[in-house]
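Below is one structure, written out as structure tokens; comments come after it.
The values are calculated or read from the model by the stated rules, or taken from the named source; none is laboratory data. Treat the numbers as computed from the prediction; the structure is a model and nothing was measured. Heads up, the Cβs are rebuilt from the backbone with ideal geometry, glycines too, and the neighbour counts pull from every protein chain shown. Please note that ligands, DNA and RNA were not included when accessible areas were found on the heavy atoms of the full protein model with its side chains. Shrake-Rupley method; radii C 1.70, N 1.55, O 1.52, S 1.80 Å.
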Amino acid sequence: DLLNALRDRLPAEVIKLGTKVTGVTPGADNAVVTFADGSTQTFDVVIGADGIHSPTRTALFGPEHPTFSGLVSYRSVVDRNKLSIPNLDAFTKWWGPTSDLQIVTFPLNRGSETFVFATTSQPDWTAESWTMPGDVNELRRAYRNFHPEARALLDACTETMKSALYVRDPLPQWTYGRATLLGDAAHPMWPIGSNGASQGVLDCRALVDALEAHADVREALE
């Protein structure tokens, strides 16, 4: 829904698909973007809103060195019609006997679906990917001692994604010349309570305010 809302505000010709960015070179008056096919393009300003594994961040500030937390997360989406438990319209958190074991749920798509996010300690799983499939039976086993309502949520899951959770140190700066970062590229957070998505929206508002307040782009970004 958010992507559609943004796309509908832009002329179709300004959105370019299939142009993977591999590098950004900031300059005093512009920034040059290099694409996977070897081509380049020059812009007045470049905003790297390209996620937790941001190639823009790497190009500007070098490789990162995240630390594995020892926790993994499972993420699933369930059709609400498959659930007959209370509080589906609420943000609900189920705690296990230790703080690393938890299930968080909240409504998606105006309540037609329920999002399930669960974490557990799993030191041997270190793959950090937001698109890697997990084992739904493994998910259920990890929370087999939870309340029946929580287990009913997991029983309704037909598939799940699995990802290791890493900790990253804050960057000392987000801007270099006429290139800057936004959202997870700038300040990746643990995916707890939709922190990253919410902060990304706030970043957009702050960036617009800065660009409107300063005629000089570099001053605005700084």
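Things worth noting here:
- Simple spin-label estimate for residue 98 and residue 161 gives 2.6 nm between the two label positions (7 Å along the Cα-to-Cβ direction from each Cα).
- When you restrict to C-alpha pairs under 8 Å that are six or more residues apart and normalise by the size of region 70-222, the relative contact order lands at 23 percent.
- Net charge, residue 54 excluded, C-beta distance under 10 Å - Lys, Arg +1, Asp, Glu -1: -2
- Residues residue 216 and residue 128, FRET efficiency given R0 of 30 Å [Cβ-Cβ distance, rounded to 0.05]: 0.20
- Entry note, region 3-52: relative contact order of 22 percent, from Cα contacts under 8 Å with a spacing of 6+ residues.
- The Cα-based radius of gyration of region 100-141, divided by its Kirkwood radius, gives an Rg/Rh of 1.01.
- Extended-chain gain in nm, criterion 0.36 nm per residue less alpha-carbon gap, residue 173 and residue 204: 9.5 nm
- Neighbour net charge for residue 159 - beta-carbon separation under 15 angstrom, K R +1, D E -1: -1
- Rounded accessible area per residue of the chain, 1.4 Å, Å²: 60 Å²
- Between region 95-173 and region 19-53, the C-alpha centres lie 34 angstrom from each other.
- Per residue, the average separation of C-alpha pairs within less than 8 Å and at least 6 apart gives region 1-140 a relative contact order of 17 percent.
- Percent accessible area from carbon and sulfur atoms, region 9-163, protein chains only, probe 1.4 Å: 52 percent
- R0 of 22 Å, Cβ-Cβ distance residue 36-residue 12: FRET efficiency to nearest 0.05: 0.45
- Percent of C-alpha pairs per 10 Å bin in region 1-130, short distances first: 10, 25, 26, 25, 14, 2.
- Think of region 95-212 as having a plus end and a minus end, set by charges on the Cβ of Lys, Arg, Asp and Glu; of 122, 187, 211, 122 sits farthest toward the positive end of this dipole.
- 24 Å tail of the calculated P(r), the chain, as % of Cα pairs: 54 percent
- Label zone at residue 115, where the point sits 7 Å out along the Cα-to-Cβ direction: region 184-204 residues whose backbone N lies under 15 Å: 184, 189-202
- Cα-centred dipole magnitude for the chain, charges only on beta-carbon of K, R (+1) and D, E (-1), debye, nearest 20: 660 debye
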